[in-house]
Structures are given as structure tokens and as C-alpha cells.
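Student: Below: one structure in C-alpha cells.
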Amino acid sequence: MLRYTTFRILAAIPTLFLVTILVFFFIRLVPGDPAAVLVGDIQNIGRLEEVRRELGLDRSIPEQFFAWIGKIFQGDFGVSIMNQAPVLDTILDRFAVTAQVILIAVLFTTLIAVPAGMIAAWRQNRLTDNIIVVSTIAAMSVPSFWIGLTLILIFGIELGWLPAVGYVSLFEDFSRGAVYLIMPVAALVLGEVGGVLRMARASTIEIMRRDYITHARAKGLSEAAVLSRHAFPNAFAPTLTILGMIIGSLLGGAAVIETVFTLPGLGRLTIDAISSRDYPMVQGILLVVAVIYVLVNLITDLLYPLFDPRVKL
Amino acid sequence: MKHLRLASALVAGLSASAVLADAPKMGGTAKVVIGSDILGTQPGVARDSGTDMILHHIFEALVAYDDNLEVQPMLAESWEISDEGKTYTFKLREGVTFHNGAPLTSADVKWSWDRWLDPETGWGCTYWYDGSEALKIEAIETPDPQTVVFRLNIPSGLFLAQMANFQCMTAIAHSDSVGADGTWSTPIGTGPFKLGEWKKGVSVTLSKNPEYSPAPGEKSGFAGARIAYLDSVEFLTVPEIATAMAGLRSGELHVVTDINATQETELKTAENVEVQSGPGLEWSALLLNVTDPVMKDRNMRLAVAHAIDFNGLALAVTRGASGYNAAPFSSQSVYHGEVQKGGYTRDLDKVKELLAAANYDGTPLKIQTSRRYDVFYQTAVIIQAMLGEAGIKADLEVLEWPAHLDNYFNGNFQISSFGYSARTDPVMNYWSIIGPREESPAYQWHDKEIYGMTFKAAAEVDPAKRQAIFDTIHSKMIAEAPTLNLFNSVNSAAVNSALEGYEIWPGNKPRLWGTWLTE
């Protein structure tokens, strides 16, 4: 397992290197100039060239690339063009916000989707299954921003139970922070539960047809025991892959939910950085996100043998 | 424009009587929406409109604009201009203290100005005062603790306007705002509010300055008495307007600015929200690139100008809050006279003649626009339709804002639906448009004689002589049509009824002094 882990981490290095090159050059292919955004229409037009020089944007692109990558190796991600804040510190701050929301949302998604998927599979083609499947499709078909705004309208305005705007960190004030997280987490859970549930249902259906399930039933085990002891561990492994992928993509920025619920997360930071052409920030975010993807996938793979003993690492 | 001025005077009068009837209450926290987080706390350095607005609550300058866009004393009690307009002597107001308790002296004024003018600071407007344009501050002297003297190289009719401008605040800060290593650490000003907490990406909270010493006179623009009744103001970053609207209705937010027509209609059903609107200082323009192979022909530019129904366009885009303004400076400006009212009228027969004279072959024109500012896009769509009716086919090229802005700076467009942020003196407006092409393609009009006239207007202190120069420039601009000025922006704000005393003004920047919570 140690060898496998070392190998996977080393194998990630070329991927990350490729990511840095793509990120660096692609953001520069997008039309627009950060210096122009910074200067705006202020009537000192000559200031534009000055700012370009200060930001090093007058140097050739390969020169800029090697200067940036050289600093990355020293752990220096540079500073934001827009507000001179250190890029890495900003990303980590924002990542902490996104991580709070995402991890809680994925936990609830799992707690709801996996048992519901297994029940649907167990009652396949009966009323319970149909209700679960139809509501899943409905939840999956609605865009997350719409769910978010509807939640705000109902619980923020009509009922006035939950705050419609603002954010308090859980680490700062746990109970107030939790109140602010209810709606974003609910919106994410509603958006993601469908995919996980369908995977859990499909893999359980497949398992339930196996001989060892028939055997378990034949030896007189209760249905609950059959499901929990024999079906769950075998059906959960493929679902775990889906969960890993969801965590990866959401940690990379649940931009829509963060915008609707005014959460200062990584997704919103990414959008702001792209729309102001804040090159160091965009490069930093995408690099960090790529690292997160690699790590989450690695952790998922390392967990796999726990649920499926046939897999050896 | 007179009726608009009258209307705003009436509104101001009505709200003044409402204020009298309803005595201000002390305490509470007002919550105001900002679209994006502030960029820093050092005035005029890393700045945008929201950053400027918040810092105007913390800092004050020697002078400030009032509701009528006239320069009034702020930290200065009075000033004298001598030596043929080259020496400005300011007397400081007595009893003013900084947020750290230190009294305001002329040394603080000098320290602040020295900092802004130091190229190392990265302040946005050093070029206004270092001779890059014409004006140079040759010396700032402090003969006694209450007197500051600015010595200029030339007479300037612009110096006070620049000093009071919104973007490059000439804030008087205390030297403890800067750390031992010379870097900016914390904003210490003289304003009615001081910085409480800045939660990056979430909010900026300002708390009341209990030691505040207000200037005489009623609150007017950024001038007059700036009394804080609220204990604190929280400026919240809410990027999604639908969320901001929801917060306003639920009473969690008190002010949301820059409401568009759709949101205004939506808010009509909300009983606890009032929408205020009036003309602002930003202006929309249709840039006609005089170096483009087609648009370089004056007849072609005039054909476009006569194809547009400017009044209809202004009415549609500003919902009647702002009318056609053929000049780049505000219709509220004292220099906006009879000549500036002259613009273009729609005349489709004339368009045909002009197109024939230009040998226009029917190739569609290209109008660039973007959607960061809704008004640019709406303007482009309406103009496209109006040109179509006049027999000029035009295609829209909708870009992302940074690309649109980049093309503006590089002169890379045929026609561009664009706009400029607020300027308060006609010279500053003209300097956005007029200048040598070789210096920057962002200048739309390269007439050397006219460019020279702008410098004359800058140096002139006699208002009548300045007016004559602006009149000449305006007539020539209408004749040449390098840029079609369209209308001034609409300032708008939706205000929850729990907040009293909030008023919009031509300067557009929200002001939370003089406001109080009723609940």
C-alpha cells in the first residue's frame, strides 16, 4: 500500500506540471488585460503601461511562466493583482469555507442517498422504488441556483426562519455558523443526492441477484441483516467512487451555491479572479484544485479495499 | 434638465420636512450591499467604486462636493486663492480629531499629501499634480498648525475640483495609518465612522466615531454635517442581486444600490421597500472609431448620429430618470448651458444623404458591447434597431467586460457602446475623450487645437471664460461626431423602510451618516 501510495503521488507530478502549463497559457489566451481592469477608465491613460510594467506583464510569456513556476517551487504563489493579497493565503481561507459546506453536504447526501438507494433496490419496481426514483429524477432536473433561490424565498422571506444573506464561520461561532449553513447545505444535498442514490440503487440491484444473497436468505437471515451485512459492503464500493468525484468537483468550487448564498468560498473567488483577469490568483486556484482532485481520488482509491476485498493495492 | 433639478429639489425639500417631523434615533446597525469586496483601505491606491465609497466614511479631505456638485469646505474652514490663482491657502477647522484622538494639524495635511504624491505609494492620480499634465504642486507649506499653503506652477481652475474628486481621494490621514516599515497598516482618518472589522470576502463593518466634530451646515453631498446616528454600518458582499433583493424584503438588508428596471418592477410589490432614482454623473457614449476605414468618414459618423432617436433611447434605458445629454459632463453641472443642450435630431432623409456622400456600400457595421454594465448592452440593442430602421445594418459583438475594456484601450473596434465613471469638472470629462492618438488609442478625438483648449480651460479660473471654451468644444464635437454622448447614468437605490434619512445624490456614493433606524 505504501508503494502504491508513493507511486500515485509521483505519478501526479507530470499531471500537475501539465496543469500548470495549460492554466498559465490558457488564461492568457482569453482576451482582456488585468492592467486595463485595474486602471479602469480613469483618465490617466498613460498609467496603463506603467501598471503593465509593475505587474511584469510587459515581459514575454515564457519569461513570465518561468518566473512564476520558479516561485511555485519555493511555495510562493505570488500576490493578487487586484488587491495585493497573498494568493495562497487567500485560497486557503476561501477553501476552508467551501470545505465546511461541501463536507457536511456530502455527509448528509451519503446518509440519505445510500440507505434510500438500497431500499429502492430492495423494493425494486414497487411503489416505494417508484416514488424514490421519480423524486430523485425531479431533484436532479432542477438547477441548484433555482433550488437555492426557492429556499431563500420560502425560509428566508416568507417564513423568516433562516437568514437570507451573510455568512458566519463555524469556527468563529458554531451555532450561528450552523444556521447560516442550513440552506446552502440543503441546496447542495438536493442537487447531489440523485446521482449517488441512483448509483447505490443500481449496484445494490446487481448485488441482490448474486448467489450469496440467495444463500444468506436461504439460511434464514432477516432482510435487514441481508442488506446491512451482505449487500451494503459490496454495493458501497462503486458509490464511494461517485462520492469521491462529487467531493473533488465541489471542493473545486461550488460557485453557483456560493454566489446565491453569499458564501466567501473558492468558487466565488475563482469567478471573481477570472472576471478581473487576476492571473496569479487564477493560476493559483487551478493548481490547488488540481492537487485536491489528485488527493481526493487517491484517498478514494485507498479506501476501496476496505469495502471490496477483491481489490488489492 | 431644469425639471429634473426642480424635481430633486422638491424631493430634497420633502425629505427635509420628513426629517424634521421624525427626530433621528441613535444606535443600531445598518446593512448595505456591495457587489464585491473592497480592494484595500488605502485611499486611491487599490481602488474601485465600492472601496472609494466605504473609505469616504472613514476619511475626509480639505474640501468636498455638495449635492449641487459645488466644492465646499470640509476639513478646511475656508480658503483663499492668491498670486493670480497659483497659491491656495487653507485654514483648518478647529477641534477636529483623528480616530486615534490626535488633533488635526497642518502637519497631518502635509504628511498625507506627501504620501499620495510619492510615486512609491502607487496612488492613482499623482499625474494630476506632478506636472505630467500641466499642473504641478511646487510646495506644500505649513506656516502654522492651522494653515496649509499649496503653491502651484500655474493658475488652475481645476485644483479644487481635483482635490474633491471621488476616485483619488485626497484623504487626510494620520501618520499612524502607516507601519514602521512605511507600508499602509490601518486607516486612521477624521470621518464620522472608523474601521471596525474587515472580514475578507464577507463584509466590512464601520463603527461610529463618538468624538466626531461635524462641519457646519446641513448634510449635502459629501459636505456639511456628517453625523453618525448609527452605532455601526455593515457593508456586505452580496454578488447575486436576487439574493440582495430577498435580503431587502426580509429586512436583513437596508440598502441595495444600482437597481435596474426589472428589479424596480419586482420591488413594487414589496411594501417595506422604497426605490429612489435620479440622474447621476457617469455617462454613456457611443464611440465611433475615427481611425476605422468606414467610420473615419465624418459623413458616416453623422449618418449614425442622425439615425438615432436620442430622447427615445435615454427614456428607454434610464426609465425617464435621465434625458439626452449631448455633452460628456453632467446635465447638473453649472457649465451645462444652452449650447450643451444642442445635440442631434433624428432625420432619416438626412441619413440617406449622408450615407450617399460617404459612399456607404451597405456592409454591416459592428457594435461592440458587454454585459457587466447592463446599460451598455441595452443601449447597443436599441441603437442597432434604430440604425436598422434608418437603413444601416449593424451587428452586435457582445464581449466579456475585460475584453471589451481591452479593445477600448487598444482602439480595437468600429463602434463601441461604452460608458465612463463619474467626473466632476468638464475638463476631466473631456480629457477622457480628447488627446493625442500616438499617446494612447483610447483617446477618441485627436484634434490638437481642441486638446489645447482643454488645457486653457484647466488653467482658467474665471467661470465665464471657462464656459466660452466649453461651448466652443461642444459645438465642434457635435460637428465632428468622434463620439456620441448619450445620457447620464441613473443613480438608484432600494431602501428598506426601517432606515430613515437615506437619500441618493448625483455623486451616487451611498452615505450612511445622517441616517437612522426606526426599528
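The values are calculated or read from the model by the stated rules, or taken from the named source; none is laboratory data. Everything numeric in this text was worked out from a predicted model, so none of it was measured. Virtual Cβ from ideal backbone geometry, glycine too; neighbours counted across all protein chains shown. For the accessible areas, the whole protein counts, side chains as well, though only heavy atoms, and no ligand, DNA or RNA atoms are used. Shrake-Rupley method; radii C 1.70, N 1.55, O 1.52, S 1.80 Å.
Student: Could you say whether any residue in region B:39-47 is touching a residue at least 60 places away in the same chain (Cβ under 8 Å) and open to solvent by 50 Å² or more (accessible area, probe 1.4 Å)?
Tutor: yes
Student: Give all pairs with beta carbons closer than 7 Å in which a residue from region A:280-292 that is more than 20 Å from A:Pro34 (Cβ to Cβ) meets a residue that is open to solvent by 20 Å² or more (accessible area, probe 1.4 Å) and of a type in the set (A, V, I, L, M, F, W, C); count only pairs at least 6 apart in sequence or on separate chains.
Tutor: A:Ala290/A:Leu16; A:Ala290/A:Val19; A:Val291/A:Leu16
Student: While we're on this one: Hydrophobic (A, V, I, L, M, F, W, C), at pLDDT 95 or above and either buried (at least 21 other Cβ atoms within 10 Å of the Cβ) or in a helix (DSSP H, G or I) (or both) - does that describe any residue in region B:137-148?
Tutor: Checking region B:137-148: at least one residue is hydrophobic (A, V, I, L, M, F, W, C), at pLDDT 95 or above and either buried (at least 21 other Cβ atoms within 10 Å of the Cβ) or in a helix (DSSP H, G or I) (or both).
Student: If you don't mind, there's one more thing I want to ask. Which one is nearest to B:Asp52 (Cα to Cα) among residues in region B:400-426 that are buried (at least 21 other Cβ atoms within 10 Å of the Cβ) and of a type in the set (A, V, I, L, M, F, W, C)?
Tutor: Taking the candidates together, the pick is B:Ala422.
Student: Please work out if B:Ser492 is buried (at least 21 other Cβ atoms within 10 Å of the Cβ) and either within 14 Å of chain A (Cβ to nearest Cβ) or within 23 Å of the chain's Cα centre (by Cα) (or both).
Tutor: Judged against the criteria, B:Ser492 is a match.
Student: Take B:Val290 and tell me if it is in contact with a Leu (Cβ under 6 Å, 6 or more places away or on another chain) and buried (at least 21 other Cβ atoms within 10 Å of the Cβ).
Tutor: Criteria not met by B:Val290.
Student: Do you know which of the residues in region B:251-281 that are in a helix (DSSP H, G or I) and without any contact (Cβ under 8 Å) to a residue 24 or more places away in the chain is nearest to the other protein chains (Cβ to nearest Cβ)?
Tutor: B:Glu266
Student: Checking A:Leu38 against (1) of a type in the set (A, V, I, L, M); (2) open to solvent by less than 20 Å² (accessible area, probe 1.4 Å); (3) under 30 Å from B:Arg47 (Cβ atoms); (4) not in a loop (DSSP other than H, G, I, E, B), only one condition comes out false. Which one?
Tutor: (2)
Student: Is it the case, given these coordinates, that B:Glu438 is at pLDDT 95 or above and open to solvent by 40 Å² or more (accessible area, probe 1.4 Å)?
Tutor: No.
Student: From the list A:Gly253, A:Gly284, A:Gly267, exactly one residue is at pLDDT below 85, of a type outside the set (Phe, Trp, Tyr) and open to solvent by less than 40 Å² (accessible area, probe 1.4 Å). Which is it?
Tutor: Unique residue meeting the criteria: A:Gly253.
Student: If you don't mind, there's one more thing I want to ask. Report yes if some residue within region A:54-64 is open to solvent by 50 Å² or more (accessible area, probe 1.4 Å), within 12 Å of chain B (Cβ to nearest Cβ) and not in a helix (DSSP H, G or I); otherwise report no.
Tutor: There is at least one residue in region A:54-64 that is open to solvent by 50 Å² or more (accessible area, probe 1.4 Å), within 12 Å of chain B (Cβ to nearest Cβ) and not in a helix (DSSP H, G or I).
Student: With the structure loaded, tell me whether B:Ala458 is within 14 Å of B:Leu158 (Cα to Cα), away from every other protein chain (no Cβ under 11 Å) and among the small types (Gly, Ala, Ser) or whether it fails that test.
Tutor: Yes, satisfied.
Here is a yes/no grid of residues against (1) among the basic types (Lys, Arg); (2) in contact with a Gly (Cβ under 9 Å, 6 or more places away or on another chain); (3) more than 14 Å from chain B (Cβ to nearest Cβ); (4) without any contact (Cβ under 8 Å) to a residue 60 or more places away in the chain:
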| residue | (1), (2), (3), (4) |
| --- | --- |
| A:Leu221 | no, no, yes, yes |
| A:Ile246 | no, yes, yes, no |
| A:Val296 | no, yes, yes, yes |
| A:Thr300 | no, yes, yes, no |
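Student: Here is a follow-up. Checking B:Leu248 against (1) outside any helix (DSSP H, G or I); (2) within 12 Å of chain A (Cβ to nearest Cβ); (3) open to solvent by less than 40 Å² (accessible area, probe 1.4 Å); (4) in contact with a strand residue (DSSP E or B) (Cβ under 6 Å, 6 or more places away or on another chain), which single condition isn't satisfied?
Tutor: Failed condition: (1).
Student: Still on this structure: Quick one: in region B:231-245, of everything that is facing another protein chain (nearest Cβ under 7 Å) and assigned to a strand (DSSP E or B), which residue is nearest to B:Val32 (Cα to Cα)?
Tutor: Looking at residues that are facing another protein chain (nearest Cβ under 7 Å) and assigned to a strand (DSSP E or B), I get B:Leu236.
Student: Output yes when any residue across region A:102-119 is within 14 Å of chain B (Cβ to nearest Cβ) and assigned to a helix (DSSP H, G or I), and no when none is.
Tutor: no
Student: Here's something else I'd like to know. Wholly within region B:362-446, which helices (runs of 4 or more DSSP H) include no fewer than the required count, namely at least 2 residues that are of a type in the set (Ser, Thr, Tyr) and within 14 Å of another protein chain (Cβ to nearest Cβ)?
Tutor: B:426-433
Student: Pick from B:Ala173, B:Ala225: which is out of contact with any Leu (no Cβ under 9 Å at 6 or more places or on another chain), away from chain A (no Cβ under 14 Å) and surrounded by fewer than 18 Cβ atoms within 10 Å (Cβ to Cβ)?
Tutor: Only one candidate qualifies: B:Ala225.
Student: Taking the condition of being within 16 Å of A:Ala105 (Cβ to Cβ) and of a type in the set (A, V, I, L, M), how many residues in region A:245-286 meet it?
Tutor: Adding up the residues that qualify gives 12.
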